[in-house]
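Please treat every number below as a calculation from the coordinates, not as lab data. Note that the structure is a prediction, hence the values are computed from the model and not measured. Positions of Cβ are backbone-derived with ideal geometry, glycine not excepted, and every protein chain shown enters the neighbour counts.
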Amino acid sequence: MAKLVAPIVEDDAKSQPAEVVPQAVKTRPAPVRRAAPTSRPRPGELICGDCGEGNAPTRKFCRRCGNSLAEAEVVKIRWWRRIRFRRKPRVLAAGTRPARPGDSKKRRAFQSTLQRARALVGAMLLVFGLLAGFYPPLRTLVTQQVGNVKQKVRGAADTALTAIRPVSVQGTKGPANNPPKAAFDTFKNTSWITAWNEKKPPNLVVQLDHPVALRKAVILTGDAKNFAGHSRPSVVEFTYSNEKSDLIQLKDIPGPQEIALRNAVGVSKITVKVLSVYPAPDAKTIALTEIELFGIG
Ligand SMILES: [Zn+2]
């Protein structure tokens, strides 16, 4: 029976490694440890699975530790980050530095303060918005303030308008003291009074000395001294020399009513027709104190 035995080594020297030239001590590469990325990983970048560094999506190997990025995760932005306005990464021209070495620290401190301030303002606006949305008194206040600003803007636009004075006023006649032109004489104590006839609507024909763009009319209905004594116009039609018209619905109030005119561009003649009235009980007459015209031109 054969026995399995190890061969007897005669020469011990044969099993020893050959001599080598002395070499520098090899240092073992430091094991890769996860560390904070050197910059905030931006959306789309690849996060190294070994060290945590953010890498441009085109890279195959980590720029810090050299490991493969084949299975690296892509950076996603959280929804609340997406809401915030984020500054685009600054691209520097060749040969320029992000900052001078002397002020880089100060600048960085300033920028982080700025960033924090922006975040705070954003949060405050959000909270205010929610409060304003859900808390009715605050909501009313906000609406009012917005309205005030709007009105101021409109007011500024109004100051650009000038009063447009007609050169002649004709129309349906009435008592001698209340002619058609009384409606355009700028006096609040004189009024145009005429007979009311629904089938033959009373009118005023207003001539201007040159074409203008009318924007606004301020109308005072009724007779200033006797508001209830005559019927008051309720629907009035302005027909212009440009063949367009504005239909105006008036309220039954003694004060001035401001009406926007939308179709009166390039107008030199206006026909005002009273189409219906708020009837006075015992009167067959209508009264209109004043029509003031405002526009450009
Ligand atoms: Zn890495």
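Annotations for the structure displayed:
- Potential lengthening of the chain between residue 154 and residue 213 amounts to 19.5 nm, from the contour at 0.36 nm per residue minus the alpha-carbon distance.
- Eligible lysines near residue 284 by straight Cα distance, threshold 25 Å, same-chain separation 8 or greater: 173, 181, 188, 199, 200, 225, 251, 273
- Environment charge of residue 236, counting only residues whose C-beta is closer than 11 Å and scoring Lys/Arg +1, Asp/Glu -1: 0
- The Cβ shell under 13 Å around residue 202 holds other residues with a net charge of +4, Lys and Arg each +1, Asp and Glu each -1.
- Whole-Å distance, taken between Cα centres, linking the range 220-244 and the range 266-290: 3
- Computed over the chain: relative contact order in percent, which uses C-alpha pairs under 8 Å that are six or more apart: 15
- Angle of helix 104-134 to the longest C-alpha principal axis of the chain, folded into 0 to 90 degrees and rounded to 10: 50°.
- A P(r) calculated from all alpha carbon pairs of the range 117-196, with 5 Å bins opening at zero, reads 3, 12, 11, 10, 8, 8, 8, 8, 6, 6, 7, 6, 4, 2, 1 percent.
- Among the trypsin sites (Lys or Arg not before Pro) in the range 140-235, those located in a DSSP loop and surrounded by at most 14 other Cβ atoms within 10 Å of their own Cβ are 173, 188, 199, 225.
- Rounded to the nearest 20, the size of the Cβ-charge dipole of the range 163-296 about its Cα centre is 120 debye, with Lys and Arg at +1 and Asp and Glu at -1.
- Coupling constants for the range 224-230 follow from the phi torsions by the Karplus curve (6.51 cos²θ - 1.76 cosθ + 1.60, θ = phi - 60°), and in residue order they are 4, 8, 8, 4, 7, x, 9 Hz; glycine and proline get x.
- Estimated FRET transfer efficiency (residue 25, residue 61; beta-carbon r; R0 25 Å; 0.05): 0.35
- Nearest-0.05 FRET efficiency for residue 134 and residue 284, computed from C-beta distance (R0 45 Å): 0.20
- Within the straight-line cut-off of under 27 Å between alpha carbons, the lysines reachable from residue 76 are 60, 88, sequence neighbours fewer than 8 places apart in one chain being disregarded.
- For the chain, with +1 on Lys and Arg beta carbons and -1 on Asp and Glu, the positive-most of 153, 280, 186 along the dipole: 153
- Pairs of alpha carbons in the chain whose separation is greater than 26 Å (percent): 70
- On a per residue basis, the convex hull of the C-alpha atoms belonging to the range 168-297 measures out at 92 Å³.
- Placing dummy labels 7 Å off each Cα toward the beta-carbon, the span from residue 165 to residue 106 is 6.5 nm.
- Between the listed residues 75, 52, 38, the Cα displaced farthest toward the positive end of the dipole of the range 32-76, a dipole computed from Cβ unit charges relative to the Cα centre, is found at 38.
- Fully extended contour minus Cα-Cα distance, from residue 268 to residue 76, at 0.36 nm per residue: 62.6 nm
- Qualifying lysines (Cα of each under 20 Å from Cα of residue 152; at least 8 residues distant if same chain): 216
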